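Read the structure below first, then the notes.
The values are calculated or read from the model by the stated rules, or taken from the named source; none is laboratory data. Remember, predicted model here, so these are calculated numbers, not experimental data. Note that each Cβ is placed from the backbone with ideal geometry, even for glycine, and that neighbours are counted across all protein chains shown.
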(Lines give C-alpha, C1' and ligand atoms only; values in the text may rest on other atoms or scores of the structure.)
Protein backbone atom coordinates (compact mmCIF):
# COMPACT_ATOMS: atom_id res chain seq x y z
CA UNK A 1 0.00 0.00 0.00
CA UNK A 2 3.02 2.30 0.19
CA UNK A 3 3.71 4.80 -2.58
CA UNK A 4 7.01 4.75 -4.44
CA UNK A 5 8.27 7.75 -2.46
CA UNK A 6 7.26 6.14 0.83
CA UNK A 7 9.06 2.93 -0.12
CA UNK A 8 12.24 4.85 -0.94
CA UNK A 9 12.01 6.66 2.40
CA UNK A 10 11.63 3.36 4.24
CA UNK A 11 14.42 1.80 2.21
CA UNK A 12 16.70 4.66 3.22
CA UNK A 13 16.00 3.97 6.90
CA UNK A 14 16.75 0.27 6.45
CA UNK A 15 19.98 1.06 4.61
CA UNK A 16 21.02 3.31 7.48
CA UNK A 17 20.42 0.36 9.82
CA UNK A 18 22.76 -1.79 7.75
CA UNK A 19 20.65 -3.37 5.00
CA UNK A 20 22.57 -4.13 1.80
CA UNK A 21 19.54 -5.10 -0.31
CA UNK A 22 15.96 -3.80 -0.13
CA UNK A 23 13.37 -6.57 -0.42
CA UNK A 24 10.01 -5.75 -1.98
CA UNK A 25 7.38 -8.12 -0.63
CA UNK A 26 4.30 -8.93 -2.68
CA UNK A 27 1.08 -9.88 -0.86
CA UNK A 28 -0.74 -13.03 -2.06
CA UNK A 29 -3.83 -12.18 -4.07
CA UNK A 30 -3.14 -8.43 -4.02
CA UNK A 31 -1.72 -6.81 -7.16
CA UNK A 32 1.43 -4.71 -6.75
CA UNK A 33 0.54 -2.33 -9.56
CA UNK A 34 3.56 -0.07 -9.15
CA UNK A 35 6.08 -2.88 -8.69
CA UNK A 36 8.06 -2.11 -11.84
CA UNK A 37 8.09 1.63 -11.09
CA UNK A 38 9.26 0.92 -7.54
CA UNK A 39 12.11 -1.32 -8.67
CA UNK A 40 13.25 1.27 -11.20
CA UNK A 41 13.04 4.09 -8.66
CA UNK A 42 15.05 2.15 -6.09
CA UNK A 43 17.67 1.24 -8.67
CA UNK A 44 17.87 4.88 -9.75
CA UNK A 45 18.52 5.75 -6.10
CA UNK A 46 21.43 3.27 -6.05
CA UNK A 47 19.73 0.55 -4.00
CA UNK A 48 20.17 -3.16 -4.60
CA UNK A 49 16.68 -4.65 -4.90
CA UNK A 50 15.04 -8.03 -4.45
CA UNK A 51 11.45 -8.93 -5.28
CA UNK A 52 9.77 -11.40 -2.94
CA UNK A 53 6.75 -13.29 -4.26
CA UNK A 54 5.44 -16.77 -4.91
CA UNK A 55 3.73 -15.41 -8.01
CA UNK A 56 5.87 -15.95 -11.10
CA UNK A 57 4.24 -12.98 -12.83
CA UNK A 58 5.42 -10.67 -10.03
CA UNK A 59 8.91 -12.10 -10.23
CA UNK A 60 8.99 -11.67 -13.99
CA UNK A 61 7.83 -8.06 -13.66
CA UNK A 62 10.46 -7.35 -11.03
CA UNK A 63 13.19 -9.07 -13.00
CA UNK A 64 12.41 -7.22 -16.22
CA UNK A 65 12.38 -3.95 -14.26
CA UNK A 66 15.93 -4.59 -13.10
CA UNK A 67 15.65 -6.34 -9.73
CA UNK A 68 18.95 -7.81 -8.59
CA UNK A 69 17.41 -10.84 -6.83
CA UNK A 70 14.18 -12.82 -7.05
CA UNK A 71 12.63 -14.63 -4.07
CA UNK A 72 11.77 -17.36 -4.62
CA UNK A 73 12.00 -19.88 -7.43
CA UNK A 74 11.41 -23.63 -7.26
CA UNK A 75 12.20 -26.39 -9.71
CA UNK A 76 8.78 -25.69 -11.25
CA UNK A 77 9.49 -22.00 -11.93
CA UNK A 78 13.23 -22.25 -12.56
CA UNK A 79 12.73 -21.49 -16.25
CA UNK A 80 12.32 -17.82 -15.35
CA UNK A 81 16.10 -17.49 -15.02
CA UNK A 82 16.33 -17.62 -18.80
CA UNK A 83 14.06 -14.56 -19.14
CA UNK A 84 15.71 -12.16 -16.67
CA UNK A 85 19.18 -11.30 -15.43
CA UNK A 86 18.20 -11.34 -11.75
CA UNK A 87 19.86 -13.83 -9.39
CA UNK A 88 17.27 -16.32 -8.09
CA UNK A 89 16.87 -17.59 -4.56
CA UNK A 90 15.92 -21.26 -4.81
CA UNK A 91 13.60 -22.97 -2.32
CA UNK A 92 11.96 -26.41 -2.06
CA UNK A 93 8.80 -26.82 -4.14
CA UNK A 94 7.04 -28.05 -0.98
CA UNK A 95 7.96 -27.46 2.68
CA UNK A 96 10.85 -29.71 3.65
CA UNK A 97 11.21 -31.28 0.19
CA UNK A 98 14.97 -31.00 -0.09
CA UNK A 99 15.11 -33.29 -3.13
CA UNK A 100 13.26 -30.65 -5.15
CA UNK A 101 15.68 -27.98 -3.94
CA UNK A 102 18.64 -30.14 -4.92
CA UNK A 103 17.19 -30.55 -8.43
CA UNK A 104 16.81 -26.78 -8.79
CA UNK A 105 20.38 -26.32 -7.58
CA UNK A 106 21.68 -28.87 -10.07
CA UNK A 107 19.79 -27.12 -12.87
CA UNK A 108 21.54 -23.83 -12.09
CA UNK A 109 24.93 -25.47 -11.69
CA UNK A 110 24.54 -27.34 -14.98
CA UNK A 111 23.59 -24.13 -16.79
CA UNK A 112 26.25 -22.05 -15.03
CA UNK A 113 23.64 -19.69 -13.53
CA UNK A 114 24.30 -17.78 -10.28
CA UNK A 115 21.87 -18.49 -7.44
CA UNK A 116 21.29 -18.69 -3.70
CA UNK A 117 19.68 -21.72 -2.06
CA UNK A 118 17.35 -21.38 0.93
CA UNK A 119 16.21 -24.43 2.93
CA UNK A 120 13.60 -22.23 4.75
CA UNK A 121 13.82 -21.61 8.50
CA UNK A 122 10.59 -22.71 10.17
CA UNK A 123 9.04 -21.13 13.30
CA UNK A 124 9.35 -22.62 16.78
CA UNK A 125 6.92 -25.54 17.31
CA UNK A 126 6.51 -25.84 13.54
CA UNK A 127 9.80 -27.51 12.63
CA UNK A 128 12.56 -25.11 13.71
CA UNK A 129 15.04 -27.81 14.74
CA UNK A 130 14.49 -29.88 11.62
CA UNK A 131 14.88 -26.79 9.44
CA UNK A 132 18.26 -25.98 11.00
CA UNK A 133 19.29 -29.57 10.29
CA UNK A 134 18.24 -29.02 6.66
CA UNK A 135 20.60 -26.06 6.38
CA UNK A 136 23.39 -28.18 7.83
CA UNK A 137 22.72 -30.95 5.30
CA UNK A 138 22.54 -28.41 2.47
CA UNK A 139 25.92 -26.95 3.35
CA UNK A 140 27.47 -30.41 3.76
CA UNK A 141 26.15 -31.53 0.37
CA UNK A 142 27.15 -28.30 -1.38
CA UNK A 143 30.15 -26.79 0.45
CA UNK A 144 30.76 -24.10 -2.16
CA UNK A 145 27.33 -22.75 -3.15
CA UNK A 146 25.74 -19.51 -1.98
CA UNK A 147 23.12 -20.10 0.74
CA UNK A 148 20.56 -17.69 2.15
CA UNK A 149 18.54 -17.88 5.37
CA UNK A 150 15.44 -15.84 6.19
CA UNK A 151 15.26 -15.14 9.93
CA UNK A 152 11.85 -13.47 10.10
CA UNK A 153 10.03 -16.67 11.06
CA UNK A 154 11.82 -16.45 14.39
CA UNK A 155 12.26 -12.73 15.00
CA UNK A 156 8.72 -11.85 13.92
CA UNK A 157 6.87 -14.93 15.20
CA UNK A 158 8.35 -15.25 18.69
CA UNK A 159 7.33 -13.05 21.61
CA UNK A 160 10.89 -12.47 22.77
CA UNK A 161 13.41 -9.69 22.35
CA UNK A 162 14.91 -9.96 18.89
CA UNK A 163 18.44 -9.08 20.02
CA UNK A 164 19.06 -12.50 21.54
CA UNK A 165 17.31 -14.30 18.70
CA UNK A 166 19.47 -12.53 16.14
CA UNK A 167 22.64 -13.22 18.12
CA UNK A 168 21.94 -16.95 18.26
CA UNK A 169 20.82 -17.24 14.64
CA UNK A 170 23.82 -15.36 13.31
CA UNK A 171 26.06 -17.64 15.31
CA UNK A 172 24.51 -20.57 13.44
CA UNK A 173 24.72 -18.64 10.18
CA UNK A 174 28.42 -18.03 10.77
CA UNK A 175 29.16 -21.67 11.58
CA UNK A 176 27.34 -22.86 8.45
CA UNK A 177 29.00 -20.27 6.19
CA UNK A 178 25.64 -18.93 5.10
CA UNK A 179 26.22 -16.09 2.66
CA UNK A 180 23.07 -13.98 2.80
CA UNK A 181 20.27 -13.28 5.25
CA UNK A 182 16.74 -12.01 4.72
CA UNK A 183 15.86 -9.94 7.80
CA UNK A 184 12.50 -8.25 8.31
CA UNK A 185 11.12 -5.49 10.49
CA UNK A 186 7.33 -5.76 10.45
CA UNK A 187 6.14 -6.43 14.01
CA UNK A 188 6.49 -3.57 16.48
CA UNK A 189 8.78 -5.62 18.71
CA UNK A 190 11.10 -6.19 15.74
CA UNK A 191 11.56 -2.47 15.08
CA UNK A 192 15.36 -2.71 15.35
CA UNK A 193 15.76 -6.19 13.89
CA UNK A 194 17.64 -4.91 10.82
CA UNK A 195 20.19 -3.02 12.90
CA UNK A 196 20.52 -5.99 15.25
CA UNK A 197 21.15 -8.30 12.30
CA UNK A 198 23.86 -5.97 11.03
CA UNK A 199 25.63 -5.92 14.41
CA UNK A 200 25.20 -9.68 14.86
CA UNK A 201 26.68 -10.52 11.47
CA UNK A 202 29.71 -8.32 12.10
CA UNK A 203 30.31 -9.71 15.58
CA UNK A 204 29.97 -13.34 14.52
CA UNK A 205 32.11 -12.85 11.43
CA UNK A 206 34.92 -11.28 13.42
CA UNK A 207 34.69 -13.88 16.19
CA UNK A 208 34.99 -16.62 13.59
CA UNK A 209 37.96 -14.92 11.95
CA UNK A 210 39.64 -14.60 15.34
CA UNK A 211 38.64 -18.12 16.46
CA UNK A 212 37.19 -16.60 19.62
CA UNK A 213 33.94 -16.55 21.53
CA UNK A 214 31.65 -13.68 20.46
CA UNK A 215 32.44 -11.57 23.53
CA UNK A 216 34.03 -8.17 23.83
CA UNK A 217 33.42 -7.03 20.26
CA UNK A 218 30.33 -4.88 20.68
CA UNK A 219 27.64 -3.97 23.21
CA UNK A 220 25.10 -3.46 20.43
CA UNK A 221 23.17 -6.63 21.27
CA UNK A 222 23.21 -6.11 25.04
CA UNK A 223 19.87 -4.35 25.05
CA UNK A 224 18.42 -5.34 28.41
CA UNK A 225 21.42 -6.06 30.64
CA UNK A 226 25.10 -5.10 30.69
CA UNK A 227 28.00 -7.48 31.29
CA UNK A 228 29.43 -5.29 34.07
CA UNK A 229 26.63 -2.99 35.22
CA UNK A 230 28.10 -1.71 38.47
CA UNK A 231 31.44 0.09 38.43
CA UNK A 232 31.63 0.46 42.21
CA UNK A 233 30.22 -1.23 45.30
CA UNK A 234 28.47 0.50 48.19
CA UNK A 235 31.64 0.80 50.29
CA UNK A 236 33.55 2.48 47.46
CA UNK A 237 30.73 4.93 46.84
CA UNK A 238 30.63 5.75 50.54
CA UNK A 239 34.34 6.57 50.37
CA UNK A 240 33.74 8.88 47.40
CA UNK A 241 30.99 10.67 49.28
CA UNK A 242 33.29 11.61 52.17
CA UNK A 243 35.45 13.62 49.76
CA UNK A 244 32.67 15.85 48.45
CA UNK A 245 32.73 19.49 49.61
CA UNK A 246 30.06 21.10 47.38
CA UNK A 247 26.23 20.98 47.32
CA UNK A 248 25.84 19.38 43.87
CA UNK A 249 24.23 15.95 43.97
CA UNK A 250 26.06 12.92 42.63
CA UNK A 251 24.09 9.83 41.68
CA UNK A 252 25.61 6.37 41.39
CA UNK A 253 24.27 2.83 41.26
CA UNK A 254 25.66 -0.27 42.93
CA UNK A 255 24.35 -3.79 43.34
CA UNK A 256 22.80 -2.66 46.63
CA UNK A 257 20.74 0.19 45.14
CA UNK A 258 20.79 3.85 44.10
CA UNK A 259 23.12 6.24 45.93
CA UNK A 260 22.70 10.04 46.12
CA UNK A 261 25.25 12.21 47.87
CA UNK A 262 26.68 15.70 48.26
CA UNK A 263 28.46 17.50 51.09
CA UNK A 264 25.37 17.15 53.26
CA UNK A 265 25.54 13.38 53.27
CA UNK A 266 24.91 10.08 51.51
CA UNK A 267 21.58 8.33 50.97
CA UNK A 268 20.89 4.89 49.51
CA UNK A 269 17.48 3.56 48.43
CA UNK A 270 15.95 1.21 45.89
CA UNK A 271 12.78 3.34 45.60
CA UNK A 272 13.50 6.86 44.25
CA UNK A 273 10.44 8.28 46.06
CA UNK A 274 12.18 7.63 49.37
CA UNK A 275 14.86 10.22 48.54
CA UNK A 276 12.56 13.23 48.23
CA UNK A 277 12.13 14.20 51.91
CA UNK A 278 15.88 13.83 52.47
CA UNK A 279 17.31 15.98 49.68
CA UNK A 280 15.96 19.41 50.58
CA UNK A 281 14.74 20.35 47.11
CA UNK A 282 11.11 21.05 48.04
CA UNK A 283 11.47 24.70 47.02
CA UNK A 284 13.70 24.13 44.00
CA UNK A 285 11.45 22.92 41.18
CA UNK A 286 14.05 22.80 38.39
CA UNK A 287 16.57 20.88 40.51
CA UNK A 288 13.87 18.53 41.79
CA UNK A 289 12.77 17.86 38.22
CA UNK A 290 16.35 17.12 37.17
CA UNK A 291 16.84 14.75 40.09
CA UNK A 292 13.55 13.04 39.28
CA UNK A 293 14.69 12.29 35.74
CA UNK A 294 18.11 11.05 36.84
CA UNK A 295 16.75 8.94 39.68
CA UNK A 296 14.24 7.31 37.34
CA UNK A 297 17.10 6.35 35.03
CA UNK A 298 19.14 5.11 37.98
CA UNK A 299 16.27 2.97 39.26
CA UNK A 300 15.76 1.39 35.84
CA UNK A 301 19.49 0.73 35.59
CA UNK A 302 19.49 -0.93 39.01
CA UNK A 303 16.43 -3.04 38.19
CA UNK A 304 17.75 -4.19 34.80
CA UNK A 305 21.39 -4.47 35.87
CA UNK A 306 22.55 -1.85 33.38
CA UNK A 307 25.39 0.66 33.54
CA UNK A 308 24.26 4.07 34.81
CA UNK A 309 26.25 7.27 34.24
CA UNK A 310 24.81 10.52 35.57
CA UNK A 311 23.65 12.96 32.85
CA UNK A 312 23.66 10.25 30.19
CA UNK A 313 20.73 8.28 28.81
CA UNK A 314 20.73 4.55 29.41
CA UNK A 315 22.29 2.55 26.60
CA UNK A 316 20.01 -0.11 25.14
CA UNK A 317 22.38 -1.23 22.40
CA UNK A 318 21.26 -0.69 18.83
CA UNK A 319 17.83 0.36 20.10
CA UNK A 320 19.34 3.54 21.58
CA UNK A 321 19.14 6.56 19.31
CA UNK A 322 22.33 8.60 19.00
CA UNK A 323 22.17 11.82 20.99
CA UNK A 324 24.17 15.05 20.96
CA UNK A 325 26.94 14.33 23.45
CA UNK A 326 27.63 18.04 23.96
CA UNK A 327 24.11 18.50 25.28
CA UNK A 328 24.16 15.59 27.71
CA UNK A 329 24.61 17.82 30.79
CA UNK A 330 22.54 20.77 29.57
CA UNK A 331 19.57 19.99 31.82
CA UNK A 332 21.76 19.72 34.90
CA UNK A 333 23.51 23.02 34.14
CA UNK A 334 20.16 24.70 33.51
CA UNK A 335 18.84 23.54 36.87
CA UNK A 336 21.95 24.87 38.64
CA UNK A 337 21.65 28.25 36.89
CA UNK A 338 17.97 28.42 37.77
CA UNK A 339 18.83 27.78 41.40
CA UNK A 340 21.52 30.49 41.41
CA UNK A 341 18.99 33.10 40.29
CA UNK A 342 16.97 32.69 43.44
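Per the listing 33, 42, 2, the residue uniquely part of a loop (DSSP other than H, G, I, E, B), over 25 Å from residue 135 (Cβ atoms) and under 27 Å from the mean Cα position of the chain (by Cα) is 2. In the condition set (1) at pLDDT 95 or above; (2) over 24 Å from the mean Cα position of the chain (by Cα), residue 48 is compliant with all but (2).
Just checking, how many residues over the stretch 41-60 are more than 20 Å from residue 118 (Cα to Cα), surrounded by 16 or more Cβ atoms within 10 Å (Cβ to Cβ) and out of contact with any strand residue (DSSP E or B) (no Cβ under 8 Å at 6 or more places or on another chain)? Qualifying residue count, the stretch 41-60: 1.
Residues that are surrounded by 19 or more Cβ atoms within 10 Å (Cβ to Cβ) and assigned to a helix (DSSP H, G or I) within the stretch 202-230 comprise 203, 204, listed in sequence order.
Of all residues being in contact with a helix residue (DSSP H, G or I) (Cβ under 7 Å, 6 or more places away or on another chain) and more than 22 Å from residue 25 (Cβ to Cβ) in the stretch 142-156, which is surrounded by the most Cβ atoms within 10 Å (Cβ to Cβ)? Just the residue, please. Per the criteria, the residue is 145.
Please determine, by comparing only the residues of the stretch 231-253 that are in contact (Cβ under 8 Å) with a residue 40 or more places away in the chain, under 34 Å from the mean Cα position of the chain (by Cα) and surrounded by 14 or more Cβ atoms within 10 Å (Cβ to Cβ), which one is nearest to residue 302 (Cα to Cα). By that ranking, first place goes to 253. Condition check: touching a strand residue (DSSP E or B) at 6+ places or on another chain (Cβ under 7 Å), assigned to a helix (DSSP H, G or I) and either more than 22 Å from residue 130 (Cα to Cα) or not assigned by TED's automatic domain parsing to the domain that holds residue 69 (or both). Does residue 237 satisfy that? In short, yes. Taken across the stretch 124-144, residues that are without any contact (Cβ under 8 Å) to a residue 12 or more places away in the chain and more than 27 Å from residue 208 (Cα to Cα) do occur, with at least one present. Can you tell me which residues in the stretch 119-141 are surrounded by 14 or more Cβ atoms within 10 Å (Cβ to Cβ) and more than 17 Å from residue 175 (Cβ to Cβ)? Those that are surrounded by 14 or more Cβ atoms within 10 Å (Cβ to Cβ) and more than 17 Å from residue 175 (Cβ to Cβ): 120, 122, 123, 127. The residue of the stretch 61-83 that is surrounded by the most Cβ atoms within 10 Å (Cβ to Cβ), among those that are in a loop (DSSP other than H, G, I, E, B) and under 28 Å from the mean Cα position of the chain (by Cα), is 67.
Looking only at residues in the stretch 13-34 that are modelled with pLDDT of 95 or more and closer than 16 Å to residue 54 by Cα, the one that is surrounded by the most Cβ atoms within 10 Å (Cβ to Cβ) is 24. Between 95, 114, the distinction of being out of contact with any strand residue (DSSP E or B) (no Cβ under 6 Å at 6 or more places or on another chain) and touching a residue at least 24 places away in the same chain (Cβ under 8 Å) belongs to 95 only. The residues on offer are 296, 301, and the sole one that is surrounded by fewer than 17 Cβ atoms within 10 Å (Cβ to Cβ) and not in a loop (DSSP other than H, G, I, E, B) is 296.
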